[in-house]
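What follows is a single structure, written as structure tokens, with notes after it.
Here, each number is a calculation from the coordinates, and none is a lab measurement. It should be emphasised that the depicted structure is a prediction, and the values quoted were computed from it without experimental measurement. When we count neighbours, we look across all protein chains shown, and the Cβ atoms used for this are built from the backbone with ideal geometry, even at glycine.
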Amino acid sequence: MASSYKRILLKVSGEALAGDNSFGIEPPFLQAVAKQIADTARSGIQVAIVVGGGNIFRGMAGAADGTDRVTADLMGMLGTMINALALSNAITRQGVKSKPFSAATMPSVADTFTARDAKQALEEGFVVVLGGGTGNPFFTTDTAATLRAIELECDVVLKGTKVDGVYSDDPKKNPEAVRYSQIGYDEVITRNLKVMDTAAFALARDSHMPIIVYALDEPAGLSGILEGKGLSTRVGD
Ligand code: UDP
């Protein structure tokens, strides 16, 4: 079955690039993520990616150590740019055109993100890798993912995580926990199920942007998930 999606936004957390380590980029994991993305792009789907930076620096952690929060978040956003350059390059090495964009102006590093330029690149067949989050402190790359998906008129947000969907309870602690195949926005809120942070989720709900939560190591891969194979949860109306 072919996928019905034309343009998707994939959120790749910093954690996914660090693999078994808590810090930095592990080349085998970077390559594995890049390969899944390249396979999806080769199938004709336009792919935009928002990368996190938790493997390099988190603003909250910096603020807890005494750095002022705005500075700490700028450091976090720069971390996401390092990941964006690494991932974009790894996708290119898989034989698929890719272009990094930055939310903050740094012309010698990457083009500054505008929805217009990013859309054009998508239409030209580039996988666009968006670093720098929203460009604002006090936000997360989950919020950036939802925002960019709406701006770029994507059909869906894919959130690759360590678990294969949204569960009724923490599956590591409660063996009775069940995975939802589909769940509504309001149910996620009333049941306090952690899908994304509140700002990201509110944005998705208000714009009716569906979110698919799946495990990054899902054997069917990203392409399989988009074809309705494998395990995942779809959050939507
Ligand atoms: N960040 C920010 N504004 C944004 C996105 C990210 O200030 O719009 C900073 C923030 O400090 C955050 C860090 O960048 O802790 C890394 O992003 P995030 O924690 O979302 O990465 P992930 O958990 O997905 O690896």
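Within the range 154-184, being out of contact with any Asp or Glu (no Cβ under 7 Å at 6 or more places or on another chain), under 14 Å from ILE211 (Cα atoms) and not small (Gly, Ala, Ser) holds for CYS154, ASP155, VAL156, VAL157, LEU158, LYS159, THR161, VAL166, TYR180, GLN182, ILE183.
Just so you know, in the range 137-173 the residues that are exposed (fewer than 15 other Cβ atoms within 10 Å of the Cβ) and within 13 Å of the ligand (Cβ to nearest atom) include one that is farthest from GLU187 (Cα to Cα), and it is PHE138. Looking at the range 66-81, which of the residues that are out of contact with any helix residue (DSSP H, G or I) (no Cβ under 8 Å at 6 or more places or on another chain) and not aliphatic (A, V, I, L, M) is nearest to the ligand (Cβ to nearest atom)? Step by step, filter the range 66-81, then rank; the result is ASP68. In the range 4-34, the qualifying residues are those that are among the hydrophobic types (A, V, I, L, M, F, W, C) and assigned to a loop (DSSP other than H, G, I, E, B), and the one that is surrounded by the most Cβ atoms within 10 Å (Cβ to Cβ) is ILE25. How many of the residues in the range 85-108 are over 18 Å from ASP39 (Cβ atoms) and away from the ligand (no atom under 16 Å from the Cβ)? Summing the residues that are over 18 Å from ASP39 (Cβ atoms) and away from the ligand (no atom under 16 Å from the Cβ) in the range 85-108 gives 3. Among the residues making up the range 211-231, those that are surrounded by fewer than 18 Cβ atoms within 10 Å (Cβ to Cβ) and either aliphatic (A, V, I, L, M) or closer than 16 Å to VAL195 by Cβ (or both) are ALA215, ALA220, LEU231. Hey, could you check the range 35-64 for residues that are within 18 Å of LEU152 (Cα to Cα) and within 11 Å of the ligand (Cβ to nearest atom) and say which is surrounded by the most Cβ atoms within 10 Å (Cβ to Cβ)? Looking at residues that are within 18 Å of LEU152 (Cα to Cα) and within 11 Å of the ligand (Cβ to nearest atom), I get VAL51. Look at the range 127-153: where a residue is touching a residue at least 40 places away in the same chain (Cβ under 8 Å) and under 19 Å from VAL70 (Cβ atoms) and a partner is among the basic types (Lys, Arg) and within 14 Å of the ligand (Cβ to nearest atom), sitting 6+ places away or on another chain with Cβ atoms under 9 Å, you get PRO137/ARG69; PHE138/ARG69; THR141/LYS11; ALA144/LYS11.
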